[in-house]
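I have placed the structure first, in the form of structure tokens, so that the comments after it can refer back to it.
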Amino acid sequence: VYVGGGDTYAMMCIWREQGFDKILRERYEEGRIVFSGSSAGGCCWFDYGYSDSASAQYKAGYSCGLVEGLGFISGVFCPHYSGRGAEFEERFKNNARDGYGLDDNTAVVFNGVDVTYLSCDYGFEPAIYVYHNSSGKLVKEAPAERVILE
């Protein structure tokens with residue numbers, strides 16, 4: 001299942017209203033699904049996505065908000081990291097959740113216990129960051145290894 005970008009909040013509401021979330025969960029629990037996505041389509045698989053959906057509930061002064069996803073992957077996903085990373089870090093520096101911040105042209109692949117980070121080679125390395133909760137504070141680190149696609 002590939003899900004593209006769009007309004008994360010509206011998508012999740014429609015999926016829940018139509019029961020599509022339950023179908024995806026059944027397939028996920030049966031191990032009968034491979035899922036992927038970009039932007040909103042990446043946010044939906046996590047506990048929460050950091051989204052600029054017009055219908056998301058934001059706190060004053062921020063351009064993005066948390067949208068509850070399906071929870072197949074634990075943590076918060078922040079797509080388009082270069083444009084949102086500073087705000088994401090400011091808002092969640094005292095957050096207890098783990099998370100992932102990925103630029104465009106990057107990917108994180110979860111395969112059981114293995115995690116692989118991918119990026120395209122455009123003459124620069126797009127940002128990929130992993131956030132871990134350490135004593136109630138987020139610690140930002142770049143993955144030690146990534147596969148660069150040419």
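The values are calculated or read from the model by the stated rules, or taken from the named source; none is laboratory data. The shown structure was predicted, so the numbers you read here are calculated from the model rather than taken from an experiment. In this analysis, Cβ positions are derived from the backbone assuming ideal geometry, glycine residues included, and neighbour counts consider all displayed protein chains. Surface areas here come from the heavy atoms of the whole protein model, side chains and all, with no ligands, DNA or RNA. Shrake-Rupley method; radii C 1.70, N 1.55, O 1.52, S 1.80 Å.
Tabulated data
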| item | result |
| --- | --- |
| Residues of the range 132-146 that turn out to be surrounded by fewer than 10 Cβ atoms within 10 Å (Cβ to Cβ) and outside any strand (DSSP E or B), as a count | 4 |
| The range 31-49, residues that are among the small types (Gly, Ala, Ser) and closer than 14 Å to ARG84 by Cβ | SER39, ALA40, GLY42, GLY49 |
| Tabulated pairs, the range 1-14, first touching a residue at least 40 places away in the same chain (Cβ under 8 Å), second surrounded by 15 or more Cβ atoms within 10 Å (Cβ to Cβ) and among the acidic types (Asp, Glu), C-beta under 8 angstrom, 6+ apart or interchain | MET12/ASP21; MET12/GLU68 |
| Complete set of residues in the range 76-99 that are part of a helix (DSSP H, G or I), under 15 Å from ASN133 (Cβ atoms) and open to solvent by 30 Å² or more (accessible area, probe 1.4 Å) | GLU89, ARG91 |
| Residue in the range 29-43 that is over 16 Å from the mean Cα position of the chain (by Cα), at pLDDT below 95 and not in a loop (DSSP other than H, G, I, E, B) present | yes |
| Residues being within 25 Å of LEU118 (Cα to Cα) and open to solvent by 90 Å² or more (accessible area, probe 1.4 Å) - total across the range 11-43 | 2 |
| Qualifying positions in the range 1-10 - open to solvent by less than 60 Å² (accessible area, probe 1.4 Å) and either of a type in the set (A, V, I, L, M) or within 17 Å of ASP47 (Cβ to Cβ) (or both) | VAL3, THR8, ALA10 |
| Single residue of the range 100-121 satisfying the filter (part of a loop (DSSP other than H, G, I, E, B) and in contact with a Phe, Trp or Tyr (Cβ under 8 Å, 6 or more places away or on another chain)) that is nearest to ILE148 (Cα to Cα) | ASN105 |
| Answer from GLY75, GLY99 - the residue that is at positive phi and not basic (Lys, Arg) | GLY75 |
| Extreme residue, least open to solvent (accessible area, probe 1.4 Å), among residues of the range 44-75 that are at pLDDT 90 or above and among the polar types (S, T, N, Q) | SER51 |
